[in-house]
Amino acid sequence: MKTLKNEMTCRFSALSENESFARSLAVSFASGASPTITQLADIKCAVSEAVTNAIVHAYPDGGGTVTLSMKHYEGGLIVIAVKDNGIGIPDVTAAREPLYTTDTTGERSGMGFAIMESMMDKLAVRSKEGRGTTVTMKIKVGT
């Protein structure tokens, strides 16, 4: 593993207004790694999707917290983790399929994981029912 250059962790309430906060925080942190504008936009979008998923799906009855952690390694590797302690995902494989959603209101498209995967170099989803979910994303930035 490459040398760690910088890291940060932030925990916040699982409220929809905190999605924009997390997105801004992620872009601010990633800026220190000299990403391109496109890479910043990809990070912004992927973090937005991961945090929104945590807020909407992990805590259906409200409450809870979301943790955003980021690490910047030598060579431009950024590792992003979005973690919740919510209800968990019963079938991660199904949840990662495009258009899959447990939302019954018709407001969600089921494209969150597909979007994150298309913008990041690597995506991993670890979940345990009743204990929460961690989405880990990796992207190499710079020119």
ask   = Within the stretch 103-114, is even one residue modelled with pLDDT of 95 or more, open to solvent by less than 40 Å² (accessible area, probe 1.4 Å), closer than 27 Å to GLU129 by Cα and out of contact with any Asp or Glu (no Cβ under 7 Å at 6 or more places or on another chain)?
value = no
query = Considering only the stretch 45-85, how many residues are within 19 Å of MET119 (Cβ to Cβ) and of a type in the set (S, T, N, Q)?
reply = 4
query = Is there a residue being within 30 Å of SER34 (Cα to Cα), modelled with pLDDT under 95, over 15 Å from the mean Cα position of the chain (by Cα) and part of a loop (DSSP other than H, G, I, E, B) anywhere in the stretch 127-143?
reply = yes
remark   = Cβ pairs under 7 Å, 6+ apart or interchain, first in the stretch 1-29 and open to solvent by 40 Å² or more (accessible area, probe 1.4 Å), second among the aliphatic types (A, V, I, L, M) and modelled with pLDDT of 95 or more, ordered by first then second residue, are LYS2/LEU77; GLU7/MET70; ARG23/VAL47; LEU25/LEU68
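The values are calculated or read from the model by the stated rules, or taken from the named source; none is laboratory data. Computed from a predicted model, the values in this text were never measured in an experiment. Positions of Cβ are backbone-derived with ideal geometry, glycine not excepted, and every protein chain shown enters the neighbour counts. Heads up: the accessible areas ignore ligands, DNA and RNA and are worked out on the full protein's heavy atoms, side chains in. Shrake-Rupley method; radii C 1.70, N 1.55, O 1.52, S 1.80 Å.
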